[in-house]
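Remarks on the structure that follows.
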Amino acid sequence: METYGCSMNRSDSQIMEKLLEEAGFLRVNDPREADVIVLNTCNVKTPTEHRMIHRARELSKYAPLVVAGCMAKSQGYKLKDFSKVFLAPREIDKIVEAVISAVEGRKAEFLGWKFIDKSSYLRDPLELIGIIPIAEGCMGACTYCITRLARGGLTSFPKGNILRLAEHFLMKGAVELWLTAEDTAAYGRDMGENLADLIMDLSDLPGDFRIRVGMMTPSSALPIMSELIEAYRSHKVYKFFHLPVQSGSDRVLRDMGRNYTVDQFLAMVDFMRRELSDVTIATDIIVGFPTEDEDDFESTLVMLEKLKPDVVNISKFGARPGTKAASMGKLPDSIISRRSKEINELVKRIKEEVNERYLGKELEVLVSEREEGGFQGRTNSYKPVALREAKLGYFYLVEIVDFRANYLIGEVREELGRAGFRWNSSSLEVKAALDLNSALLPRFQETR
């Protein structure tokens with residue numbers, strides 16, 4: 001199984017792998033050893049689409065291929081030379097049927113829009129990280145976005161199942177919980193819930209762990225910002241906001257269908273920084289949208305100077321099939337390349353200026369990932385910190401001694417303790433129920 005794209009896709013792959021294992025399949029890590037290959041695709045950008053075509057061509061040489069993910073739903077026709085079986089994001093519960101069809105050489109398409117409660121599938125965390133899908137789809141109508149054509153409108157998952165999955169991950173050793181959706185800020189609007197209340201309930205779970213909230217559309221975050229700030233005050237919540245602004249021009253934002261203004265966006269970020277102090281702001285910029293002129297581009301540069309974000313994901317505009325923006329024309333490649341180069345240079349300078357402010361500071365860092373040559377930890381505002389020596393799953397007091405544009409470099413001053421779950425009577429009851437289910441599962445499968 002190969003997975004590309006967002007954390008929602010990674011979660012989908014975990015669910016599919018779990019269902020396949022329960023059906024008796026064994027995962028292998030080398031495509032040359034596989035009887036069937038699952039390619040969980042992403043096509044949010046044109047370069048990613050091209051990469052998916054390349055991977056499908058290569059993988060289909062080894063074994064029958066199941067194409068899953070967003071491209072299976074919105075651009076499956078581009079992969080029909082390499083696969084007979086296609087599985088949409090809202091049909092992943094059919095993965096066993098899809099794999100059997102591929103093994104038997106039969107054509108099969110599972111491309112419906114049905115509801116799947118993806119928070120109801122208990123599984124192991126990815127090492128120390130538990131990825132929790134809280135919703136699928138969105139309420140927006142962005143003119144450039146192909147993801148909505150694959151994931152559909154907003155469908156939130158029940159809070160009770162989300163809390164159950166979170167507790168399960170923590171009991172399995174996770175120290176970080178990642179809340180993921182196409183737009184986390186829209187959570188619950190289709191069912192009378194909201195993201196702030198969910199975060200507070202997750203924070204009440206026993207233990208010392210961290211919660212990372214995934215991408216929020218600014219127009220969805222604005223109406224609940226005060227409530228979100230209160231939820232973020234918990235020490236268990238990373239002070240991290242991923243808010244894609246996309247452009248610094250109100251005219252271009254209208255053409256993109258974004259439903260907020262630049263001033264509203266900047267005021268929202270100012271409010272976050274006033275209320276929460278050390279906050280990490282990540283944002284996205286699309287360069288060369290069809291209606292972006294030189295004044296619009298200059299407005300984006302000015303906006304970034306004011307915003308001074310910690311993280312900026314920059315994308316050259318590429319028309320996605322089936323979207324409204326695909327019919328708006330295209331700027332010359334030379335103009336898009338020049339603007340991309342200019343904005344990348346500005347962003348590199350801003351990120352270095354932001355990170356330089358951390359020199360000499362002592363910060364609490366949670367180490368959750370092993371990197372080449374050492375470890376990576378995260379500050380309470382989710383700033384990445386490179387460390388030479390550490391233990392996974394532990395908190396440290398770290399002094400920042402150097403930096404790069406994309407991360408800080410630290411030295412451990414003190415070990416603060418182990419992160420993770422703390423047992424109470426309620427969680428012991430949950431564990432007992434899970435242990436019972438695990439004991440009964442083989443008997444159930446044998447009977448079936």
Quick one: order Ile116, Ile335 by neighbouring beta-carbon count within 10 Å, fewest to most.
Ile335, Ile116
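If R₀ is 25 angstrom, what is the calculated FRET efficiency for the pair Glu298 and Glu352, using the beta carbon separation as r and rounding to 0.05?
So the FRET efficiency works out to roughly 0.70.
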With θ set to phi - 60°, apply the Karplus curve 6.51 cos²θ - 1.76 cosθ + 1.60 along region 207-214 and write out the HN-Hα couplings as whole Hz, x wherever there is a Gly or Pro.
x, 10, 9, 10, 10, 10, 8, x
Restricting to the chain, compute how many DSSP beta bridges are antiparallel as a %, nearest 5.
45 percent
Charges only on Cβ, +1 for Lys and Arg, -1 for Asp and Glu: so what's the dipole of region 1-133 about the Cα centre, in debye to the nearest 20?
580 debye
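Please list the equivalent ellipsoid semi-axes of region 364-407, computed as the square roots of five times the alpha-carbon gyration tensor eigenvalues, in descending order and whole angstrom.
14, 12, 9
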Correct semi-axes for region 31-86, from √(5λ) of the alpha-carbon gyration tensor and rounded to whole Å with the largest first, are 18, 11, 9
Percent of C-alpha pairs per 5 Å bin, region 118-355, short to long
1, 6, 13, 17, 17, 16, 13, 9, 5, 2, 0, 0
So Lys80 and Glu372, fully extended at 0.36 nm per residue minus their Cα-Cα distance, gain in nm 101.3 nm
Under 12 Å from the Cα of Lys159 - aspartates and glutamates, other chains or at least 8 residues apart:
Asp117, Glu193, Asp197, Asp201
Expected sort for Ile53, Ile314 with the fewest Cβ neighbours (10 Å cutoff) up front is Ile314, Ile53
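Any idea what diffusion coefficient region 2-110 gets from Stokes-Einstein, in µm²/s, Kirkwood Rh on alpha carbon pairs, 10 °C, 1.306 mPa s?
Numbers: Rh = 13.5 Å.
Translational D for this selection: 118 µm²/s.
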Length-normalised contact order of the chain in % [C-alpha pairs under 8 Å, at least 6 apart]
11 percent
The Cα extents of region 298-348 along the principal axes, largest first and rounded to whole Å, are 34, 21, 17
Based on alpha-carbon positions alone, could you give the equivalent ellipsoid semi-axes of region 191-289 from the gyration tensor, as √(5λ), descending, whole Å?
27, 14, 12
I'd like the distance between the alpha-carbon centres of region 307-342 and region 142-157, rounded to an integer number of Å.
20 Å
Full-stretch length increase - Glu2, Asp270 - with 0.36 nm per residue and alpha-carbon distance subtracted
92.5 nm
Contour excess over end-to-end distance, with Cα ends at Lys172 and Arg422 and 0.36 nm allotted per residue:
88.8 nm
Report the dimensions of the chain along its three principal axes from the alpha-carbon atoms, largest first, rounded to Å.
65, 55, 46
Mind checking which aspartates and glutamates have their Cα closer than 17 Å to the Cα of Lys107? Skip sequence neighbours fewer than 8 apart in that chain.
Asp35, Asp81, Glu91, Glu97
On a C-alpha basis, how far is the centre of region 167-235 from the centre of region 14-76 in Å? Whole number, if you could?
30 Å
Label model pair Leu359, Ser334: point-to-point distance (7 angstrom along the Cα→beta-carbon line) in nm is 4.1 nm
Give me Phe375, Phe209 sorted ascending by neighbouring Cβ count inside 10 Å, so fewest comes first.
Phe375, Phe209
Here the residues of region 288-316 lying in the modelled label zone of Asn406, meaning backbone nitrogen under 19 Å from a point 7 Å along Cα-to-Cβ, are 309-316
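Apply the a/c threshold of 1.5 to the C-alpha gyration tensor of region 104-215 and tell me whether it is rounded, prolate or oblate.
On the way: a/c = 2.11, a/b = 1.36, b/c = 1.55.
Judged from the Cα gyration tensor, region 104-215 comes out oblate (a/c at least 1.5, b/c at or above a/b).
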Selection from Ile146, Thr300, Ala63, by position along the positive dipole direction of the chain (Cβ):
Ala63
Residues whose placed amide H lies under 5 Å from that of Asp402, excluding near-sequence neighbours
Ile409
Taking amide H positions as placed 1.01 Å from N in the peptide plane, with prolines and chain starts having none, which residues 5 or more places from Asp284, or on another chain, fall under 5 Å of its amide H?
Val245, Gln246, Asn313
Find the centroid of the Cα atoms in region 265-294 and in region 354-388, then give the distance between the two in whole Å.
23 Å
Pairs from Lys80/Lys348; Lys239/Lys351; Lys18/Lys73; Lys73/Lys118; Lys45/Lys361; Lys239/Lys348 whose Cα-Cα separation, in the structure shown, is over 29 Å
Lys80/Lys348; Lys45/Lys361
At R0 = 41 Å the Cβ-Cβ FRET efficiency linking Asp250 and Lys107, nearest 0.05, sits at 0.25
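Any read-out appearing in this document is the output of simple, stated calculations on the displayed coordinates, not a laboratory observation. Only a predicted model underlies this, so the values are computations on that prediction, with no experimental measurement involved. Counting neighbours? That spans all protein chains shown, and the Cβs are built from the backbone with ideal geometry, glycine included.
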